[in-house]
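The values are calculated or read from the model by the stated rules, or taken from the named source; none is laboratory data. Keep in mind that what you see is a predicted model, and the values were worked out from it rather than measured. Here the Cβ is made from the backbone with ideal geometry for all residues, glycine too, and neighbour counts use every protein chain on show.
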Amino acid sequence: MADINQTSWSEVDASNNVASPSGFPEGMAPSGVNDSARALMGAVRRWYDRINATVTSGGTQNAQTLTYAVATTAYVKGDTYRFIAQFTNTAATTIAVDALSPLSVVTHDGVALTGGEIQANQVYTVVYDGTDFRLQDQARQSIGTNGYLKLGSELIVQWGSVSFAGANTAAVGFPMNFPTAVYSVIVTIDQAAGNTLSYGTAGITTAGFAFNLSTATTTTGRWVALGI
């Protein structure tokens with residue numbers, strides 16, 4: 001029997017009357033009942049496995065794969081796949097199901113991924129829209145000493161710390177690249193009493209910046225960045 005998403009399955013009960021094992025025709029031979037019933041059970045189980053997180057993605061960070069015990073034969077608009085991510089993506093990302101062609105993964109509103117939307121060891125759902133996979137559960141935050149928080153569909157706040165060990169400059173990489181622009185970077189340092197160091201930033205890009213001190217010293221710098 002074909003899978004539930006195939007055209008041989010009908011919402012009209014009486015239309016599911018093709019020959020066994022793909023259907024249950026009127027007056028079918030008793031010998032065909034078990035074949036159709038087993039095919040139906042297999043199709044339901046395949047559907048269950050795809051809409052629940054029964055597999056962990058393979059492949060690489062930005063070219064992930066989903067592999068099932070029985071291979072998917074075609075993408076059908078509306079198909080849903082749920083999985084545990086093995087990797088954190090770092091840029092635009094694709095997913096290929098079984099031996100089918102890889103498809104681009106986009107946000108729920110159709111924007112290409114830029115990195116960090118899929119986090120390793122978390123559960124995600126993608127829905128095929130006829131062209132791409134739309135990610136339904138993209139990561140909205142990564143909390144820690146260095147992290148980010150996405151507010152709404154565009155605004156992103158990132159933060160972190162950096163250690164100076166007898167130096168007057170340190171390269172800072174944002175936990176995730178800003179997709180479009182950086183609006184502001186605010187920096188500060190831990191200072192001992194009487195220390196009058198000045199500090200600032202240089203070379204701000206969507207990937208990071210240079211954190212500069214007026215004098216080489218050993219201290220900790222902290223920063224917050226805002227952008228889209």
Within region 21-49, residues part of a loop (DSSP other than H, G, I, E, B) and under 40 Å from the mean Cα position of the chain (by Cα) come out as 21, 22, 23
Can you tell me which condition residue 223 does not meet? The list is (1) under 22 Å from residue 91 (Cβ atoms); (2) at pLDDT 95 or above; (3) part of a strand (DSSP E or B); (4) not charged (D, E, K, R), and all the others hold.
(1)
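Anything in region 128-145 that is modelled with pLDDT of 90 or more and either under 19 Å from residue 178 (Cβ atoms) or over 12 Å from the mean Cα position of the chain (by Cα) (or both)? List them, or say none. Break it down stepwise before answering.
Initial filter on region 128-145 (modelled with pLDDT of 90 or more): 128-136, 145.
Residues satisfying the conditions are 128, 129, 130, 131, 132, 135, 145.
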